[in-house]
Amino acid sequence: DQCRNPKWPKVERNNTIKTSRYNVFNFLPLNLFEQFQRLANAYFLILLFLQLIPQISSLAWYTTVIPLLVVLSITAVKDAIDDMGYGEILKAGIQGSFSYRIKEDKWMNIQVGDIIKLKNNQSVTADVLLLSSSEPYGLTYIETAELDGETNLKVKQAISVTSNLEDNLGLLSAFDGKVKCESPNNKLDKFTGILTYKGKNYLLNHDKLLLRGCVIRNTDWCYGLVIYTGPDTKLMQNCGKSTFKRTHMDHLLNVLVLWIFLFLGSMCFILAIGHGIWEHKKGYYFQSFLPWKKYVSSSVASAILIFWSYFIILNTMVPISLYVSVEIIRLGNSCYINWDRKMFYAPKNTPARARTTTLNEELGQVKYVFSDKTGTLTQNIMVFNKCSINGIFYGMHVFLISLSPREILEKVDFSYNKLADPKFSFYDKTLVEAVKTGDRWVHLFFLSLSLCHTVMSEEKVEGNLVYQAQSPDEGALVTAARNFGFVFCSRTSETIMVVEMGETKVYQLLAILDFNNVRKRMSVIVRTPEDRVMLFCKGADTILCQLLHPSCGSLRDVTMEHLDVSDFAIEGLRTLMVAYRELDNAFFQAWSKRHSEACLSLENREDKISDVYEEIEKDLMLLGATAIEDKLQDGVPETIATLNKAKIKIWVLTGDKQETAVNIAYACNIFEDEMDGMFIVEGKNDETIRQELRYRDLRQWQFSEVNIYLTTKPQMSFRLPEEVPNGNYGLIINGCSLAYALEGNLELELLRTACMCKGVICCRMTPLQKAQVVELVKRYKKVVTLAIGDGANDVSMIKAAHIGVGISGQEGMQAMLNSDYAFSQFHYLQRLLLVHGRWSYNRMCKFLSYFFYKNFAFTLVHFWYAFFSGFSAQIALDTTYWTIISHIFTWGSLGFYFCILFFLYSDGLCLMFPNVFQFLGVARNTLNLPQIWLSIVLSVVLCILPVIGYQFLKPLFWPANVDKIMDRIHQCTRPLLPLPKRTKLKHASTRRSAYAFSHKQGFGALITSGKTMKSKVFKKKHPRETSTLLPFCSHSRGSASSFPRWLCPGKARNSKERAPRYLSELYNFKKK
């Protein structure tokens, strides 16, 4: 409800909140930027530009454009669908607004300076300064479950000067106060400001501020002035930014693609060198048949161009379809999660949901789990389980419950009590019998439970009481007292009305001694209808035992035995002691004076009030003890035990108080009674925290690289190695100490200690601190982290972790809407990690192995073909053929693969033997094994040797006609042996001149006529015969130097005198 004064300046900042990464305007550039971070996509973009250069392109440009556009489009559509899921934020909540009248408007239209009206059970839409309410003194009760996970009520109070405005629209419209406050920040428990109204200044603090995400309870209406809206609200300041999460598999693929780039470059370089050599030795003499282009000046220039031509031809080495294929497999894995019936929660009709498709294989590598407590590990339902009254134990023993499940046990019949809560269950009839028989101590015990509390009651329907408690424990105790006949009905600031066994009684409320973390107890002082002044007290057993009267010694020992030895401790129940004291009227009057003086004191007020409380809270008479079960979700202890077997560590990050968190940790098997030690960090300064963390028995303080880093603090990234403690320990740290540790120089010391503990509990944490703890582990540990929660206070750590899981529980939908995976029960986490995570990781690894094998097999065909084609950048297989084959093998193999997986994989084995199936960084760890490298080398050698041997042995044993001709050519080109000298016959006749017998006359005239040019005559006479023998020499119509050099021994240009002899030998060979 909104009141905007027209005199106020208009503020443009509205209450709109956007949690998605994209919008209509930035989707295309931002998504393309993210996609081109993948090296394969960037490579094909570069390849496209290269194909536009005609001098080097041997393939059409569309052979790259079409696959690239398909890949980018499919990925963009998937990212858009995923982001639409993240963008499902509440924007349509309706609030009334008014300017002298009531007007309704949407949350998103609320602006700073508006006055809004909130009603009971409505969520607070922005950070609002409380002005007035329907309750006395301007009180407003709120529930902060979405901020700190607590469902207990908290009280806010308006300042007195504005509480008088009440719901008067005229006065509210005329309100002209001015607020000066701090800048928007993420501190939930701090707010400072000044309200200037009617010329006076009023101090403002966080007790006057209603934060966005709170829910109004037990208050009919309230009015407030909007201080912060939209992203400036403290809730959104704690939520963190949405980041694009990339898996380790994506990083591994980028590394593999980078190595493939280098391998591709080396292949192109080798082929370019081969082309240069071939052109220099052979191609140079083929220019008349294969003339060089005008832009090719030498064999070196041709080799450079061929390098880029092969860079284009061998592009299949870099898998453009890899990412699309990976996304399709991830989509299939996500469908398996969505369709898993074992993760379907029937009571709420809620299936598991994979809200992203990019993180499936990361599930199988999770090492650290960060969990919220309230609503995540627990149902946030407190149940009165057992009690000890005047030394008598009431309730069912553990061994009896194990023999007879609760479904079989007969519940106690509370039909005698018309005001009993029908949902309450109890299984020990002896307690009801004691109540009916009028046992004095039992009646006094339940009377104290019905009076000693701060619960607010609301009767929506006659006879149907609804309790709103400041803590779940109080609600459970008051409900138990209600069912056993002591019904708390209502209260005012001065009275408490209780129906005792059907009789209505009104008790005068004299004082409330409230609970705090130091006192660990609370007390009320009442005047009974019989005019007796009674003090009732309940609190921690360790505190109340010191305040008991000496006469209660034996009863105290019996009660403590029930608490420590009996089922109370075994089941990890939350226990409280209950005691009372009857006060003398004169003593109380004197004490009341001292109490009033302490409350009005300006110096050391809290210490003085505490001293006054201790004066009256002594010599108490013990009544008994209660045991409350903080009901865990089904299967939580078993799930945590299974995850621990799989070497997965559980850290609980909660905003709840320390005692509650520790009790849950023991109940969930995070902590065990057999632990060697427990670290409790409660320091308020750096030195104290350092001493609490450096506990000498936890680890052996050897000289290590960690100690070096802690002393030197180099400015470089550092990975904290795994350290093994010498025992089994746990760590408990509160939010205040954690703030000192994170903001100081203790973060490494904290992380080092925490990582060696079996379990870690961080309590009283703000949402931002949860995210800081997750970031701390991510920064110094090379592990995969997972955060799981159910409330808005968990959104920041869900976004910070590698994987975020939201539970659709009692605290709204904020966590689920910002998560990567969502389901309804915590125990589904073990199936998500140990089954689906392992399956997804195995499928992806096997697919990648097959995919790279397929691409290498096709690409290497072109590589080897280059040696038989003169390194001319010709393709061996048509691209159409390869496209068809690729589609058949890819889609066919995927279909066949998933069908086989459906039959071969068993989810039961993963849950039964989690310590056997560990797949943490398999790709990285496997490469460290020498057996793997030996297998790779042997595989390569065994694959290559047969090919090489076949190529060498085939010409020797099975020569082809070409081989025979080539051998003959080589034999013919060898230097000829000198002809044997003829033996001259000696005649007895008279010697004559050889010159005379050779010619009748000289050839001088014939020579000078020019008719004796034998070489030209021979070359004109036999071109056809020569081309028949040597087809590759048909272009050489000049001298013998035009033949390839390998045909003519020596350098052809320096051997002209030897050419006719070789040609004649070849001619004779042809005739034969």
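The values are calculated or read from the model by the stated rules, or taken from the named source; none is laboratory data. Keep in mind the model is a prediction, meaning the values are calculated, not measured. Every residue, glycine among them, receives a Cβ derived from its backbone with ideal geometry; neighbour counts consider all protein chains shown. Heavy atoms of the whole protein, side chains included, go into the accessibility calculation; ligands, DNA and RNA do not. Shrake-Rupley method; radii C 1.70, N 1.55, O 1.52, S 1.80 Å.
A few notes on this one:
- Accessible solvent surface per residue of segment 828-867, calculated while the other protein chains remain in place, 1.4 angstrom probe, Å²: 34
- Taking 31 Å as the limit for the C-alpha separation, the pairs Lys106/Lys778; Lys78/Lys367; Lys386/Lys505 exceed it in the case of Lys106/Lys778.
- The label-point distance for Phe36 and Leu956, in a model that sets each label 7 Å from Cα toward Cβ, rounds to 5.6 nm.
- Å² of accessible area per residue within segment 297-353, as computed with a 1.4 Å probe and no ligands counted: 43
- Apportionment of accessible area to carbon and sulfur, segment 509-639, percent (1.4 Å): 49
- Solvent exposure of segment 444-537 as accessible area per residue, Å², 1.4 Å probe: 37
- On full extension, the segment bounded by Ser592 and Cys181 gains 144.1 nm, given 0.36 nm per residue less the C-alpha separation.
- A Förster distance of 41 Å, applied to the separation of the beta-carbon atoms of Tyr850 and Gln971, puts the FRET efficiency at 0.25.
- FRET efficiency estimate (nearest 0.05) - Cβ-Cβ, Leu938 to Ile74, R0 35 angstrom: 0.35
- When peptides 120-126, 70-76, 576-582 are sorted by average Cβ neighbour count within 10 Å, with the highest value leading, the order is 576-582, 120-126, 70-76.
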